[in-house]
Every structure is written in C-alpha cells, then in structure tokens.
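The values are calculated or read from the model by the stated rules, or taken from the named source; none is laboratory data. From a predicted model like this one, the values you see are computed outputs, not experimental measurements. So basically every Cβ, Gly included, is an ideal-geometry build from the backbone, and we count neighbours across all protein chains shown. Side chains included, ligands, DNA and RNA excluded: accessible areas come from the protein's heavy atoms. Shrake-Rupley method; radii C 1.70, N 1.55, O 1.52, S 1.80 Å.
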Amino acid sequence: MDPSIPTEMPFECLMDRMGPGGKDVHVKCKFVIGQSEPKGFTVFEALAETKSDPDMLRMVGEFYIRGQGTEADPVAGFKYFRKAADLGSVKALWNMANCYLHGTGVKKDPAKAIPLLQRASDAGEPTATFTLAHCYMDGSGEAANISRAVTLFQKAADEGSAAANLDLGILYANGSGVKKDDSKAISLFKKAAAAKDKKDKEVVWMAELFLSDYYMSGDGVPQNFVKGVALMQKAVKAGNPQALWRLGCCYEEGQGVEKDVRKAIGLYERSAEGGFVKAMQSLGEHLLTGEGISRDVVKAVALLNRAANNGYTRSMRLLAQYYKEQGGEEDLQKAISLLSKAIDAGDETALVELSHYYSTGAGVPVDMKRSVSLLRKGYSMGNAEAGVALGWAYLTGAYNVTRNVHKALPILKKVARVSSDAKTMLALCYETGWGIDIDTSKADSLYQEVIENGYAEAIFKARTPAEPQPPQSTLLPARFQPQFIIISKSSTCTCSVHNK
C-alpha cells in the first residue's frame with residue numbers, strides 16, 4: 001500500500017495531484033475516499049481507463065487493494081498496478097513488488113519482487129530502494145546480504161527516505177553489517193526525526209526514542225536526562241505505547257523528572273492498554289508487590305504470564321519467585337519450570353536463582369554439584385551475582401566446595417567492578433590478610449566506595465583476626481554472615497538482563 005495516500009481526502013485533491021488533464025473532471029468525481037461512494041469511484045475508474053493515465057490507474061489499484069470507494073478486490077488491484085507499470089509508472093513497480101512479497105492479489109513469490117524493486121530503485125524511487133534493502137537484510141527473494149542492504153539503505157536515505165535514515169541509524173547503533181558508530185547513528189536519527197511528511201510520523205517518534213536513549217545513557221553525546229525525557233514526551237503525545245512505558249521508567253527512577261511512582265504506574269497502565277508487553281511486565285510487578293498501587297495478585301499473575309509468554313525472562317523469574325513463596329510442591333515445580341525456561345532464553349540471573357533450589361532442596365533433591373555448576377555457568381556469562389556466590393563459596397567452603405582463596409580472589413576482583421557485595425568481601429580480605437597481603441589502605445578505599453554506593457553505616461569495619469572463621473552455614477545466605485559483614489537489604493549487583 002502507498003502510505004502517501006491519506007485514507008480520507010477529497011477526491012478532487014487527488015485529481016489536482018495528477019497535473020494537467022485531471023482538473024477538468026474533478027467536479028464530476030467529487031467524493032471523499034473512505035466513505036464508500038461507488039458512483040464516484042466508477043467514474044474515476046472509467047476516466048483512468050479512458051485516459052490510460054498511469055498515475056490514475058495506479059490509484060485505482062490502490063482503491064481496490066484498500067477497499068476504498070469499492071469492494072476490496074486485491075486481484076483487480078494487482079491488474080491495475082500492472083497496467084500502470086506497463087505505461088511507465090515507477091511507483092506501480094513497487095506496488096507490484098509489494099503484492100509479490102505479501103501474496104496480495106497474486107501468489108506470494110518474493111523472488112519475483114526483486115527485479116521489480118530493482119527497476120524502480122534504478123529509476124530513483126526511494127520507497128523501492130528501501131524495500132529492496134529490507135529484502136537483502138531478511139533474505140526475502142534473495143540470499144541475505146547485509147553489505148548490499150547497507151548500500152541500499154544509504155541510497156534511499158540520500159534520496160530522502162526518512163525510514164531509511166532510521167533503519168540505517170539502527171544498523172550503526174548496533175554495529176550490524178557496519179562498524180558500530182554512535183556518532184553516525186545519532187546523525188541519522190536526527191535526520192529521521194526532522195522529517196515533515198505526515199506519512200513519516202511513526203518514523204519520527206521512533207527516531208526521537210532512539211535519540212532519547214542516547215541522551216539518557218550518555219553514549220555518543222553528553223548525558224542529559226532532561227533532554228532525553230523531552231524527546232520521549234514528544235512520542236508520548238503521539239500516544240506511542242513504548243514511549244509511555246519509557247517515560248514511566250523515568251518517573252519510577254527519578255531520571256530527568258521528579259520521582260513519582262504513582263505517575264509511573266499510570267503510564268505503565270496506559271502503555272499496557274496499548275498492548276506494549278514490557279509495560280505489562282512493569283505493571284504486573286507493581287501489582288504483585290503492592291508498591292504504589294493496591295496489590296492485586298490475580299491481575300499481576302495474568303499480566304506477568306502474558307509477558308512471560310512473549311519471552312520476557314524477568315516476568316518468568318518474578319512468577320517463579322511468587323510460586324516459590326506459595327511453598328506447595330506443585331507451585332515449586334511451576335517455579336522450576338519457569339526458571340528453566342528463562343535459562344533456555346539466555347537469562348543468566350535465572351541460573352543463580354535455580355542454583356538456590358538445588359542448594360536448599362526446594363522442589364528438587366539437594367545437589368550441591370548441580371548448584372555450583374549453575375553458578376559457574378552464570379559467572380561465565382558475566383553475571384555478577386553468580387560471581388559473588390562462587391567467590392564466596394571458594395572463600396568459605398560453602399556449597400561443599402573445597403576452600404581455595406586463590407580461586408576466590410580473581411573472581412571477586414572481576415565482579416567488584418559492578419558489585420558492592422564483592423567489594424565488601426574483597427575489602428575484608430585486604431583488611432585481614434585472608435589469602436592476600438594485608439593492605440588496610442586498599443581495604444579502606446574499597447569500604448569507602450561501598451559506602452558511597454549506598455551502604456553507609458552498614459559495613460562491618462572493626463578489625464578482625466587475620467584468619468576469620470568461616471560461617472556456620474555451608475550455603476550462601478540471603479545476605480552474608482553477620483560476624484563478617486552487615487550490609488543493607490538492597491543489592492547493588494548488576495546484570496545485563498535485569499531490564500528484560
């Protein structure tokens with residue numbers, strides 16, 4: 001379909017767009033597309049046939065495809081596209097290709113679309129160039145060729161395609177088929193966001209959201225939460241569900257706006273009503289905990305299940321935690337099944353959580369080897385919580401692991417970059433000489449970093465014996481043993497999949 005034709009506009013305006021030759025008939029054919037005025041359509045179709053005007057014939061094809069002014073008839077629509085193309089309409093070549101790509105009015109055959117798109121692209125039709133680029137990206141009708149796709153996206157962008165600027169920006173942002181280049185991606189997103197044509201309004205707000213991400217993260221531009229939120233709000237005004245969710249996240253975290261959990265929840269609700277699954281996850285989490293909203297477990301579970309069924313692993317883990325808290329054998333099996341599903345989807349945090357089931361015998365026989373194996377896998381995938389647990393195990397002999405301080409220290413040093421728990425353990429080792437030369441200066445520096453991260457007055461700072469006794473438990477507790485460290489309940493361990 002040609003998105004440049006509005007679904008409702010006076011018929012006479014369409015005739016004016018035809019140029020000389022159309023103006024003498026616009027009074028006879030006056031009607032509004034979308035109001036199913038068969039008499040007016042019949043007149044227009046007859047005029048298109050009589051004049052053999054390629055642009056008019058192509059429009060007749062559009063009307064048949066859309067069912068505007070007449071009964072929908074994709075076969076007739078394709079016939080008119082072919083007539084228009086035979087008479088020289090480049091845009092009709094793109095229409096025909098679209099029919100072959102989607103099986104509209106003809107048997108689906110992407111291979112037949114490629115030469116049509118190439119002809120239209122060679123004639124300077126940016127929409128055809130853009131579509132052809134996607135064919136090479138997806139391998140539709142031709143073997144996938146990302147390098148060729150990038151070249152075509154660039155050509156379409158140079159020809160004025162806002163959508164091509166957007167998609168090319170995404171490729172540079174992700175480093176797909178090109179070297180990752182945030183500066184170039186930002187430049188392309190700005191061009192896409194500057195599009196003025198009404199048909200590009202979706203492209204515009206998507207570009208604004210990508211630009212917002214850059215300002216929020218500070219990648220490629222100076223970090224500016226206020227500017228990031230302002231860009232989000234433009235997309236929110238357009239009613240975009242994704243933008244509503246993102247703005248909700250800003251209100252929940254207090255980034256670029258004053259923190260307001262209730263306002264965040266209201267935005268999540270609007271986004272979820274618009275079908276955005278991540279918003280269902282966020283709303284479900286609040287309904288499950290009762291934070292900022294009346295607790296509603298039934299609604300929460302329904303929302304989280306919908307998100308989990310769409311592949312959102314955080315929802316799987318939240319549901320698993322809920323079922324685990326119920327404590328029944330059937331509930332525990334549901335929890336284990338959900339965590340296993342999350343692991344299969346690549347969620348390393350689920351590895352840590354399932355590890356606890358095997359170490360405590362929750363729903364499964366106690367199996368320390370299996371528990372440690374899951375932790376090792378999580379750590380190998382870069383999960384800080386797994387590294388903390390594994391380092392603690394080697395440090396203390398938890399999980400029936402043979403104590404080995406020399407194995408523990410490299411793990412703790414690695415995850416200490418993102419984990420206050422690991423920093424605290426490492427500081428304790430420097431302070432007491434536990435497997436390492438005593439260095440109170442390093443210990444104090446690490447303690448100070450932890451305090452600055454929100455653990456103020458929660459760090460056990462008293463000097464301890466050079467060889468502290470291991471904790472009584474052989475399992476990693478929810479928090480560390482009080483004779484060593486007293487820290488806050490909130491964890492600052494980070495994980496790349498937390499937002500999923």
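The lysines whose alpha-carbon is closer than 26 Å to the alpha-carbon of Lys324, local same-chain residues fewer than 8 away aside, are Lys278, Lys299, Lys334, Lys341, Lys369, Lys377, Lys489, Lys500. Computed in the context of the full set of protein chains, the accessible area of the range 147-207 at 1.4 Å probe radius has 49% of its extent on carbon or sulfur. The GluC sites (Glu not before Pro) of the range 246-328 meeting both criteria, a DSSP state outside H, G, I, E and B (loop) and at most 11 other C-beta atoms within 10 angstrom of the site's C-beta, are Glu258. Inter-part distance, the range 296-344 to the range 146-217, computed on C-alpha centroids, equals 37 Å.
The number of Lys pairs in the range 64-143 with C-alpha atoms less than 18 Å apart, excluding pairs fewer than 8 positions apart on the same chain, is 7. What accessible area per residue comes out for the range 285-368, rounded to a whole number of Å², with a 1.4 Å probe? On a per-residue basis, the range 285-368 sits at 45 Å².
Within the same chain, aspartates and glutamates fewer than 8 places from Lys263 are excluded, and of the rest, those with a Cα less than 13 Å from its Cα are Glu252, Glu253, Glu291. Percent of accessible area on the range 41-114 owned by carbon and sulfur, 1.4 Å probe? C and S atoms contribute 52 percent here. The 3J(HN,Hα) values that the Karplus relation (6.51, -1.76, 1.60; θ = phi - 60°) gives for the range 259-270 are, in residue order, 4, 7, 5, 5, 5, 4, 5, x, 5, 4, 4, 5 Hz. Gly and Pro appear as x.
Based on Cα contacts under 8 Å between residues 6+ apart, the range 68-214 shows a relative contact order of 13 percent. Considering only alpha-carbon pairs that sit under 8 angstrom and 6 or more positions apart, the relative contact order computed for the range 243-335 is 17 percent.
For the range 254-379, with all protein chains in place and a probe radius of 1.4 Å, 45% of the accessible heavy-atom surface sits on carbon or sulfur.
For the range 125-184, the set of trypsin sites (Lys or Arg not before Pro) satisfying both a DSSP loop assignment and a count of at most 16 other C-beta atoms within 10 Å is given as Lys179, Lys180. Ignoring everything but the protein chains, give the 1.4 Å probe accessible area of Thr432 in square angstrom, nearest 10. The accessible area comes out at roughly 0 Å².
With the simple spin-label model, which puts each label point 7 Å out from Cα in the Cβ direction, the Asp181 to Ser52 separation comes to 4.8 nm.
Between Asp73 and Thr289, the contour length at 0.36 nm per residue exceeds the alpha carbon distance by 72.5 nm.
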